[in-house]
Amino acid sequence: MKKISTIIILSFLSFGVWAQNFPPINYGFRLGLTATPTIGWVKPEQGKTDGVGLGFAYGLIGDFNFAPNYSFATALTITSINGKSTEANAAPYHSGTVPVAYDLKYKLQYIEIPLTIKLKTIKAEGKRWYGQFGLSNSFNISAKQDAQNGNTVFADNLKITDYTKFYRAGLIIGGGGEFDISGNASILAGLTYNNGFTNITTDKTRDVRNHYLALNFGIFF
């Protein structure tokens with residue numbers, strides 16, 4: 001938790017330094033809540049994807065508006081990324097020299113702090129559209145796995161924190177719309193693709209990456 005706290009503080013300090021160096025016209029700051037279903041999958045380099053897994057993300061979202069149609073968008077969410085794969089000689093189950101294929105189900109949970117830019121259209125009739133691009137920063141807080149080979153079960157909801165990397169990075173691209181509902185409040189709906197580009201395992205003989213689609217729902221106040 002100390003690592004997570006330090007990274008969160010540094011992220012906000014970095015934004016503060018940027019704001020001081022470029023004193024902007026105040027276009028406003030918006031804070032809201034999000035609840036987002038996710039559809040995740042795992043892509044191993046030595047193996048194959050073997051199905052998607054449903055997950056969920058929830059937490060705070062925030063837009064720092066630095067121009068009429070541009071925002072620095074971030075969030076603080078708890079995000080689940082699940083998925084299935086078939087991998088050879090997967091730790092911690094494999095021993096010996098004979099190759100064995102394992103059917104794995106990953107159940108991973110992260111604290112996620114995205115750093116993105118939103119490009120927005122001009123608001124018309126209480127609605128506007130946006131595109132979004134940026135970096136995903138995720139910090140693992142829970143890692144569990146099911147594993148089997150044929151009818152032989154090696155793990156059922158086994159904790160694999162020691163075999164999962166703490167930090168995960170990804171690229172975010174997405175889009176959607178914002179719709180006014182009352183006063184300053186508006187709802188958000190969109191679709192985001194999060195492409196993980198770091199290995200999620202600590203096993204140096206394997207390269208496994210996870211990705212997900214998010215159906216974004218939120219409300220700004």
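With the simple spin-label model, which puts each label point 7 Å out from Cα in the Cβ direction, the GLU45 to ALA169 separation comes to 1.6 nm. Remark: spin-label model distance ILE219-THR152 equals 5.3 nm, labels positioned 7 Å along the Cα→Cβ axis. For segment 26-220, averaging the sequence separation of C-alpha pairs within contact (under 8 Å, six or more residues apart) and dividing by the residue count gives a relative contact order of 21 percent. From largest to smallest, the equivalent ellipsoid semi-axes obtained for the chain from the alpha-carbon gyration tensor read 38, 18, 13 Å.
When the chain is described by a simple charge dipole with +1 on each Lys and Arg Cβ and -1 on each Asp and Glu Cβ, the residue from PHE139, THR38, VAL52 located farthest towards its positive end is PHE139. Hydrodynamic estimate: the Kirkwood radius of segment 69-159 over Cα pairs, inserted into Stokes-Einstein at 20 °C and 1.002 mPa s, corresponds to D of 131 µm²/s. Note on ILE78 and ILE181: their simple-model spin labels are 2.2 nm apart, each label 7 Å out from Cα toward Cβ. Beyond 28 Å in Cα-Cα separation lie the following of the pairs LYS144/LYS204; LYS120/LYS165; LYS118/LYS144; LYS84/LYS204: LYS120/LYS165; LYS118/LYS144.
Can you show me the helix-derived [θ] at 222 nm for the chain, built from DSSP H runs with n ≥ 4 at -39,500 (n - 2.57) apiece and divided by the number of residues, rounded to the nearest 500.
-3000 deg cm²/dmol
The charge dipole of segment 133-199, taken about its Cα centre with unit charges on the Cβ of Lys, Arg, Asp and Glu (plus for the first two, minus for the last two), comes to roughly 240 debye. Across all directions, the average flat footprint of the convex hull enclosing the Cα atoms of segment 149-203 is 7.5 nm².
Bear in mind that the values in this text are calculations on the coordinates, not laboratory data. Quick caveat, the model's predicted, so the values are computed rather than measured. Neighbour counts run over all protein chains shown; Cβ positions are idealised from the backbone, glycine included.
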